[in-house]
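Below: one structure, written as structure tokens.
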Amino acid sequence: MKTLIIILSVFFALNVSSCATRVTNRPAKVVYIKKAPRNHKIVKVKGNRYYFWNGKHYKKTRRGYVFVSV
């Protein structure tokens, strides 16, 4: 009986995995644009501020402007 408990405890200890997972969906390469062009427009979409030029939306970050899909 004692060996059965030891075998079961070892089995459960090896098969228990952490339930904490982290999934990220980041693009492989992010291009930062340092300065927005003069003809940019500031638009609000669902309460968020975006910068619009050349038919694309950009979000302002500390490092510059990043292309986002709205």
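Summary of computed values
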quantity	calculated
Pairwise label distance in nanometres, residue 36 with residue 48, each label 7 Å out on the Cα-Cβ vector	1.5
Rounded FRET efficiency, nearest 0.05, which uses the C-beta distance separating residue 25 from residue 62 and R0 of 22 Å	0.55
Region 27-70: relative contact order as a whole-number percent, Cα under 8 Å and 6+ apart	35
Proximal lysines to residue 35, defined as alpha-carbon separation beneath 28 angstrom and excluding residues fewer than eight positions away on the same chain	44, 46, 56, 59, 60
Estimated distance in nm for a label pair at residue 69 and residue 3, the labels positioned 7 Å out from Cα along Cα-to-Cβ	6.0
Cα-derived Rg over Rh, computed across region 30-70 with Rh taken as Kirkwood radius	0.92
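We did not get these values from a lab; they are worked out from the coordinates using the rules stated. Everything numeric in this text was worked out from a predicted model, so none of it was measured. Here Cβ is always computed from backbone atoms with ideal geometry, including for glycine, and neighbour counts include all displayed protein chains.
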